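The values are calculated or read from the model by the stated rules, or taken from the named source; none is laboratory data. All values reported here derive from a predicted model rather than from experimental measurement. Cβ: placed from backbone, ideal geometry, glycine included. Neighbour counts: every protein chain shown.
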Ligand SMILES: NC(=O)C1=CN([C@@H]2O[C@H](COP(=O)(O)OP(=O)(O)OC[C@H]3O[C@@H](n4cnc5c(N)ncnc54)[C@H](O)[C@@H]3O)[C@@H](O)[C@H]2O)C=CC1
Ligand SMILES: O=C(O)C(=O)COP(=O)(O)O
């Protein structure tokens, strides 16, 4: 398995701790200088819980076993989810903490075939190391067009007049509408959909203002919309169109208080999320005439209750969450999400990841061997710890000739965490949950960058990575630096991670297979003695390196071994008279 796969994969899925360790070793043994797609053990399984376009299903089927189970009850979803590596939903399925817990150990990816991820418990997904990806662009135009459709049909009473005529009533005076041209439209949330609505509304001759605390003013200006405060937007508007996400900050922002600030006779369109409006307050505002009309595609509870006063209100136009429902958008969304989910299952970092850092493919490819080095140094360091003190302080020192802005250390930090946590716990760690896991375990991971002033070295992103564990005892005193920390340092040579420093000793051993560290009195014949014992037991030595502080004083021997020596062999090595201590470390 490649380094990129290690970032998101769950080596423990359905495996015993021993199997997980074996899988982990297999992964680490894979070449790390490129990011090939490792042959999957078996086809991953994907559960599609809501209607997805055929083109997307085709993309999924080429890579995975796909089960479409539309219209499942929450209980059915809970019962099924643990059999799948990925789950794809739209807005109709609640991916709760319970669902994510039920999927723990196998479920690696949740794909939201659309924009809004308010139906996915992101915190629970992050804690479970489950990547959430969405399809943020393919339905933008559809949602904007639906907003315009609702705006125009509301202004001209299209749905009410249609219903009346079909009921045999020809009511031309009752359904006199209002014009759009020259009216002020306030766009609340000037993101992808909001800005497309603005563009179209300008074409209808409307004066467009917008409120979005995070949108760049020049983007709005380029479209001919003016960014204003919330108060100004709601006070000046004849029409208000909602396009912000549902978050704790936007929940019920349209309430009695904000309706009171609006012009009497204002008209409201909502194709964002029902929850941004206090629906009872909207009914009151409609009844009082403060709000003349509303056009709603989304509701706090979907579907809304059959006797909902809001839905049945004669001044309200409703559609059943159809914003994204065009043939074109659904095809686009299906392909967008299928590609994101397949990529994520392959271990790539999806560009539409919602709960993980987005790392461009070229950066990932360049960092791949360092990602592997970071994890191995973490694994080595933790296996050197003794005693009950527990690890608290971890320092990762990156030496690089690159500008600090050119070095994304989030992956490396995550992999050091993975290396430290996985050998000593049943938690699997990946890029999604590394920081959360570290925090949970009380691990403080400090990072330091040391600049390396050799310009030629800027070719490679890093000169070395050092992992230091402070305030811990070690089972191998030779790994303790003069400052009292466990210290291991490594570098990448010819694409392969190497261990280059242990405590105060310089060594050079490739980090493949397993490692024996011995501390001995520096004297001739030591390499031969240890090599002989290993040879007699058929343990292949892949690398050997000796480092010492001063001639004739202590030295350490770092021996890379392909196989794990049995206990007897290790004891024999320990009994060589000049050997003061030794430790066997699994990579
Ligand atoms: N009805 C439907 O079928 C569809 C609904 N949507 C919904 O439309 C909304 C917007 O989608 P996109 O434009 O794609 O998202 P986006 O992320 O591109 O835009 C959202 C904008 O809201 C802004 N925002 C955040 N907090 C705000 C606040 N307190 N006040 C004002 N603005 C705030 C953000 O800065 C951002 O610019 C989402 O809620 C999405 O779920 C999207 C597609 C289809
Ligand atoms: O993309 C969004 O945010 C939407 O609201 C579309 O929802 P849907 O996929 O049609 O259930």
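Would you call residue 208 in contact with a strand residue (DSSP E or B) (Cβ under 8 Å, 6 or more places away or on another chain) and either near ligand 1 (Cβ under 10 Å from one of its atoms) or in a strand (DSSP E or B) (or both)? Against the criterion (in contact with a strand residue (DSSP E or B) (Cβ under 8 Å, 6 or more places away or on another chain) and either near ligand 1 (Cβ under 10 Å from one of its atoms) or in a strand (DSSP E or B) (or both)), residue 208 qualifies. Looking across segment 459-503 at every residue that is under 16 Å from residue 582 (Cα atoms) and part of a loop (DSSP other than H, G, I, E, B), the one that is modelled with the lowest pLDDT is identified as 475. Taken as a whole, the structure places residue 320 among residues that are closer than 30 Å to residue 48 by Cα and surrounded by fewer than 19 Cβ atoms within 10 Å (Cβ to Cβ).
Yes/no per residue for (1) over 22 Å from residue 197 (Cα atoms); (2) buried (at least 18 other Cβ atoms within 10 Å of the Cβ); (3) outside the structural domain of residue 52 (by the TED database):
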| site | (1), (2), (3) |
| --- | --- |
| 247 | no, no, yes |
| 261 | yes, no, yes |
| 267 | no, yes, yes |
| 272 | no, yes, yes |
| 277 | no, yes, yes |
| 281 | yes, yes, yes |
| 288 | yes, no, yes |
| 295 | no, yes, yes |
| 312 | yes, no, yes |
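For segment 513-543, the set of residues classified as under 43 Å from the mean Cα position of the chain (by Cα) and either surrounded by fewer than 21 Cβ atoms within 10 Å (Cβ to Cβ) or under 11 Å from residue 559 (Cβ atoms) (or both) consists of 513, 514, 515, 516, 517, 518, 539, 540, 541, 542, 543, listed by residue number.
Scoring residue 329 on the criteria (1) closer than 30 Å to residue 408 by Cα; (2) within 16 Å of ligand 1 (Cβ to nearest atom); (3) touching a helix residue (DSSP H, G or I) at 6+ places or on another chain (Cβ under 6 Å); (4) in a helix (DSSP H, G or I) leaves a single failure, condition (1). When the criteria are applied in full, residue 547 fails the requirement of being crowded, with 17+ Cβ neighbours inside 10 Å, under 39 Å from the mean Cα position of the chain (by Cα) and in contact (Cβ under 8 Å) with a residue 24 or more places away in the chain. Taking the listed residues 113, 102, the one that is more than 10 Å from ligand 1 (Cβ to nearest atom), touching a strand residue (DSSP E or B) at 6+ places or on another chain (Cβ under 9 Å) and touching a residue at least 12 places away in the same chain (Cβ under 8 Å) is 113, with no other qualifying. When segment 187-206 is limited to residues that are within 14 Å of ligand 2 (Cβ to nearest atom) and closer than 14 Å to residue 245 by Cβ, the one that is surrounded by the fewest Cβ atoms within 10 Å (Cβ to Cβ) turns out to be 192. Pairing residues of segment 572-587 that are at positive phi with residues that are part of a helix (DSSP H, G or I) and surrounded by fewer than 17 Cβ atoms within 10 Å (Cβ to Cβ), at Cβ distances under 7 Å and at least 6 apart in sequence or on separate chains, gives no pairs at all. Please specify each residue of segment 214-225 satisfying the condition of being modelled with pLDDT under 95 and either within 24 Å of residue 266 (Cα to Cα) or not assigned by the TED database to the domain that holds residue 263 (or both). Scanning segment 214-225 gives a single hit, 220.
For the structure I just gave you, tell me whether residue 302 is away from ligand 2 (no atom under 16 Å from the Cβ), in contact (Cβ under 8 Å) with a residue 40 or more places away in the chain and assigned to a loop (DSSP other than H, G, I, E, B). Taking the combined requirement at face value, the residue does not satisfy it. Taking segment 523-562 as the range and being at pLDDT 85 or above, part of a loop (DSSP other than H, G, I, E, B) and at negative phi as the test, the residues that pass are 537, 539, 540, 562.
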